[in-house]
Amino acid sequence: MAHGNYSETLRQPGFFSFFSTQFLGAFNDNFLKMVVSFVALNLAANNSDGYVELIAFLFILPSALFSGYAGHLADVYSKRTILVAVKVFEIIVMILALGAFIAGPIQPMLAAVFLMGLHAAFFSPAKYGILPEMLPEKELSRGNGLLEMSTFMAIILGTSLGGAIFKLWKDQLPLIGLLMIAIAVAGYYTSLGIPRVPPSG
């Protein structure tokens with residue numbers, strides 16, 4: 001018979017910080033993709049198409065190119081260090097996205113999408129690898145379940161709110177950029193609560 005419950009898992013030292021960090025990062029990934037997709041759709045309506053198809057490709061490409069190296073880094077260095085460093089990188093990417101929104105052309109926005117794909121590629125191996133190092137074995141299944149739930153909730157909310165907020169602020173894209181920077185900063189601060197773990201290798 002299983003013992004414990006999800007609230008006990010969330011109360012494990014540092015797990016809620018990790019849970020929150022994962023959620024905010026996945027939310028920002030999908031929020032940015034949705035906003036840039038709507039910008040691309042507006043361009044397509046003005047006979048400037050070709051960008052919509054690129055967005056998903058640009059986001060997935062870094063995982064195809066760098067996931068193996070990202071997994072190696074997550075073994076060589078502390079996974080917590082990787083997670084915190086990736087959150088700093090996310091803030092930089094969102095500042096670049098803000099600059100792209102201010103400047104106007106879509107090409108820098110596509111570059112931001114690629115960089116957020118790079119963010120996800122380096123975050124994922126450390127994210128999944130740190131769970132056995134920060135949770136007791138009896139909590140691992142629930143921890144994985146909560147992690148998957150947070151990922152799908154972040155995808156749903158990032159996608160739906162990205163579209164809704166774009167419709168509200170489509171003429172004020174810098175405001176959207178500032179919101180994404182705020183989310184990235186929040187993710188960085190939650191990452192500081194992730195427990196310190198030694199390198200695996």
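Give the number of residues within the stretch 151-196 that are open to solvent by less than 30 Å² (accessible area, probe 1.4 Å) and either in contact with a strand residue (DSSP E or B) (Cβ under 9 Å, 6 or more places away or on another chain) or not in a helix (DSSP H, G or I) (or both).
Count: 1.
Being open to solvent by 50 Å² or more (accessible area, probe 1.4 Å) and under 15 Å from the mean Cα position of the chain (by Cα) is true for just one of Phe59, Phe114, Phe66, Phe122. Which residue is that? Please lay out each step first, then the result.
Details: Phe59 fails: open to solvent by 50 Å² or more (accessible area, probe 1.4 Å); Phe66 fails: under 15 Å from the mean Cα position of the chain (by Cα); Phe122 fails: open to solvent by 50 Å² or more (accessible area, probe 1.4 Å).
Exactly one of Phe59, Phe114, Phe66, Phe122 is open to solvent by 50 Å² or more (accessible area, probe 1.4 Å) and under 15 Å from the mean Cα position of the chain (by Cα), namely Phe114.
Of all residues in the stretch 9-18, which are touching a Leu at 6+ places or on another chain (Cβ under 7 Å), open to solvent by less than 30 Å² (accessible area, probe 1.4 Å) and not β-branched (Val, Ile, Thr)?
Of everything in the stretch 9-18, just one residue is touching a Leu at 6+ places or on another chain (Cβ under 7 Å), open to solvent by less than 30 Å² (accessible area, probe 1.4 Å) and not β-branched (Val, Ile, Thr), namely Phe15.
Can you confirm whether the stretch 125-144 contains a residue that is open to solvent by 60 Å² or more (accessible area, probe 1.4 Å) and within 22 Å of Phe66 (Cα to Cα)? Full working, then the answer.
First, the residues of the stretch 125-144 that are open to solvent by 60 Å² or more (accessible area, probe 1.4 Å): 128, 132-133, 137-138, 141, 144.
Next cut, within 22 Å of Phe66 (Cα to Cα) only: 128.
So far as the stretch 125-144 goes, yes, one or more of its residues are open to solvent by 60 Å² or more (accessible area, probe 1.4 Å) and within 22 Å of Phe66 (Cα to Cα).
Between a residue in the stretch 107-123 that is under 15 Å from Asn30 (Cβ atoms) and any residue that is among the hydroxyl-bearing types (Ser, Thr, Tyr) and open to solvent by less than 40 Å² (accessible area, probe 1.4 Å), which pairs come within a Cβ distance under 8 Å, given they are 6 or more apart or on different chains?
Listed by first residue and then by second, the contacts come to nothing, as the list is empty.
The values are calculated or read from the model by the stated rules, or taken from the named source; none is laboratory data. Just so we're clear, the structure is a prediction, and the values are computed from it rather than from any experiment. Cβ atoms come from the backbone with ideal geometry, glycine included; neighbour counts cover every protein chain shown. Protein only, heavy atoms only, side chains kept; ligands, DNA and RNA dropped before computing areas. Shrake-Rupley method; radii C 1.70, N 1.55, O 1.52, S 1.80 Å.
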